[in-house]
Amino acid sequence: LIATHASRMAQTHAFSHNRGVARKRQSTQSIRWRLLRLSFQSHEEDTDALLEEEDHDGQHSFSKSKWKKKRYVMMKDVDDAISSDPKKGVRKAQEMMKRMTRLYEITGVDAYKPNAQAYNLLIHALAKSSLLNAGYEAERVLQEMMLAGVKPNAISFTSTLDAYAKSGEKDAAQHSERLFLELLDSNVDLHFSAVDAVLNAWAMQSSLEAAERAQGILERLEMLQSKTIQPTEHSYSTVMNAFARCGAAERAHAILTRVLREKRAIRPDTVMFNVVIHAWSTSGDPQAGTKALELLNQMKHLASEGYDTAPDIVTYNSVLSAVSKSGHMRAGPQAERILKQLQEEDDNVTPNVVSYNSVLHAWSMNAGAEPKAAQRAQAVLDYMIQSGNDNIAPDVYSFTSVLNAWAKSKEDDKAIRARELLDTLLHLQSEAPKKTSLKLSAIPFNA
């Protein structure tokens, strides 16, 4: 009993001694290190992965190589979040910035300070998020960046301007232009994409006044003749699109004409022509089809001279749309002729269901004046069904156009033909119930 008691007393004394040593060691540990651990307890990542353990004196020791790797992992995590869910990417980027800032404030190690890449990642996340206040937030981050002594670069400025352009804020375009002009007057190093971001901000407003503001910026840059920041082909296309969005096809066309006439360093391309042709197709102008055809022929001519203006499927579909909506009494034959020309002459472009639907729409619009319009529309639809080509498989819009053509025709059996056509649509829909392009609505029945 005495031996057992002595043994227990020895164990108790040893435990007390060890606990005292532990307490002494904890008291000598760096207060800074303990605060650091506490500040990160709420984060999901292991704090020890961010910092090295303290040295023999209880002080934090910095490992440049390990921090570099950890910073890369954090930034990669944010970048992946931006790609999958931009709003989540904003939260991730903000959390990353807070962690870096805390690490720097507690340790005093400069390497922990958020660098230009970290700030740019947060601004980029805001630009992609489409949040209503994204522009204001991006500019605030830009100001914080400069106050922290981190020099912004072209990516910083362009992303901030882009955030305004995509935010949908009421005064986004005005703020975007203000910031751009301030930077321009300060001789800040800007990338040409900054120009496009500002122009796009105005283009998104879809008003004539906004389009004219965009044109004013473009003309100022033309006069500036800066070697570092110049309007590009995309800049001109954006301004043309600004006029297209507000129905001012003639103004968009005038810019293209000026580019062709003045023979600047900017060479017109397919995109420029497509924007103007689309502008005519949505203008409602009776001359839209004629203008679109003239532009198509001009594209082919310039392409033969070495310009990058070869028509693509967007070109042809926009031309066909312009012709079909023009209301011209010969729109049906003209649209079908363009489609046939495309099939026979251009091996690089393949018509799709949109191309055929424009032809059907053209015949449908001509049904009252063209005696055989309904039969021609039916023949085109039959070809689409029988071809077995998924690229031109008819949809509900195709059937509706032909049903409208029969409804407008003067044929005695038009009601029977319309009923047969509706039965064909119902049959195709029953064979492919999950095919969304054949999803029924009241429109075919009304026709």
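Limited to region 93-114, what total is found for residues that are in a helix (DSSP H, G or I), over 21 Å from P152 (Cα atoms) and free of Cβ contacts under 8 Å to residues at least 40 places away in the same chain? Spell out how you get there, then give the answer.
In the first step, residues of region 93-114 are kept if they are in a helix (DSSP H, G or I); the result is 93-107, 110-112.
From the residues that got through so far, the ones that are over 21 Å from P152 (Cα atoms) too are 102-103, 105-107.
Narrowing further to those that are free of Cβ contacts under 8 Å to residues at least 40 places away in the same chain: 105.
Looking only at that region, the number is 1.
Can you find a residue in region 406-415 that is open to solvent by less than 20 Å² (accessible area, probe 1.4 Å), out of contact with any strand residue (DSSP E or B) (no Cβ under 8 Å at 6 or more places or on another chain), within 20 Å of S437 (Cα to Cα) and assigned to a helix (DSSP H, G or I)? Explain how you work it out, then say what you get.
Filtering region 406-415 down to residues open to solvent by less than 20 Å² (accessible area, probe 1.4 Å) leaves 406, 409.
So of that shortlist, the ones also out of contact with any strand residue (DSSP E or B) (no Cβ under 8 Å at 6 or more places or on another chain) come out as 406, 409.
Next cut, within 20 Å of S437 (Cα to Cα) only: none.
Among the residues of region 406-415, not one is open to solvent by less than 20 Å² (accessible area, probe 1.4 Å), out of contact with any strand residue (DSSP E or B) (no Cβ under 8 Å at 6 or more places or on another chain), within 20 Å of S437 (Cα to Cα) and assigned to a helix (DSSP H, G or I), which makes the answer no.
Kindly provide the set of residues from region 115-146 that are farther than 18 Å from M75 by Cα, in a helix (DSSP H, G or I) and in contact (Cβ under 8 Å) with a residue 40 or more places away in the chain, ordered by number.
Scanning region 115-146 gives G135, E139.
Can you find a residue that is loosely packed, with under 13 Cβ neighbours inside 10 Å and closer than 25 Å to D285 by Cα anywhere in region 341-358?
Yes - at least one qualifying residue is present in region 341-358.
Which helices (runs of 4 or more DSSP H) does region 163-277 wholly contain that include 2 or more residues that are closer than 22 Å to N120 by Cβ and at pLDDT below 85?
Details: elements: 172-185, 192-203, 208-224, 233-245, 249-262.
Hits in region 163-277: 172-185, 192-203.
Check L218, L256 and return the single one that is under 27 Å from I338 (Cα atoms), touching a helix residue (DSSP H, G or I) at 6+ places or on another chain (Cβ under 7 Å) and open to solvent by less than 10 Å² (accessible area, probe 1.4 Å). Give the steps one after another, and end with the answer.
Values: L218 fails: under 27 Å from I338 (Cα atoms).
Checking each option against the conditions leaves just L256.
Can we say V150 is surrounded by fewer than 21 Cβ atoms within 10 Å (Cβ to Cβ), in contact with a helix residue (DSSP H, G or I) (Cβ under 7 Å, 6 or more places away or on another chain) and at pLDDT below 95? Let's see the steps before the verdict.
Numbers: surrounded by fewer than 21 Cβ atoms within 10 Å (Cβ to Cβ): yes; in contact with a helix residue (DSSP H, G or I) (Cβ under 7 Å, 6 or more places away or on another chain): yes; at pLDDT below 95: yes.
Here the answer is yes, as V150 does meet what is asked.
Quick one: in region 376-390, of everything that is out of contact with any helix residue (DSSP H, G or I) (no Cβ under 9 Å at 6 or more places or on another chain) and surrounded by 13 or more Cβ atoms within 10 Å (Cβ to Cβ), which residue is nearest to G332 (Cα to Cα)?
Among those residues, the one meeting the criterion is A379.
Among the residues that make up region 152-163, is at least one of them touching a Ser or Thr at 6+ places or on another chain (Cβ under 7 Å) and of a type outside the set (D, E, K, R)? Can you show your working first?
Restricting attention to region 152-163, the residues satisfying the condition of being touching a Ser or Thr at 6+ places or on another chain (Cβ under 7 Å) are 158, 161.
Imposing the further condition that a residue be of a type outside the set (D, E, K, R) reduces the set to 158, 161.
Yes, because at least one residue in region 152-163 is touching a Ser or Thr at 6+ places or on another chain (Cβ under 7 Å) and of a type outside the set (D, E, K, R).
Step by step: first the residues of region 307-325, then only those that are open to solvent by 60 Å² or more (accessible area, probe 1.4 Å) and more than 22 Å from the chain's Cα centre (by Cα), then the one that is modelled with the highest pLDDT. Which residue is that?
Taking region 307-325 as the starting set, the residues that turn out to be open to solvent by 60 Å² or more (accessible area, probe 1.4 Å) are 308, 314, 325.
Those left that are additionally more than 22 Å from the chain's Cα centre (by Cα): 308, 325.
Numbers: D308: 94, K325: 90.
Among residues in region 307-325 that are open to solvent by 60 Å² or more (accessible area, probe 1.4 Å) and more than 22 Å from the chain's Cα centre (by Cα), the one modelled with the highest pLDDT is D308.
The values are calculated or read from the model by the stated rules, or taken from the named source; none is laboratory data. For clarity, every value in this text was computed on a predicted model and none was experimentally measured. Note: ideal-geometry Cβ built from the backbone for every residue, glycine included; neighbour counts use all protein chains shown. Accessible surface areas use protein heavy atoms only, side chains included; no ligands, DNA or RNA. Shrake-Rupley method; radii C 1.70, N 1.55, O 1.52, S 1.80 Å.
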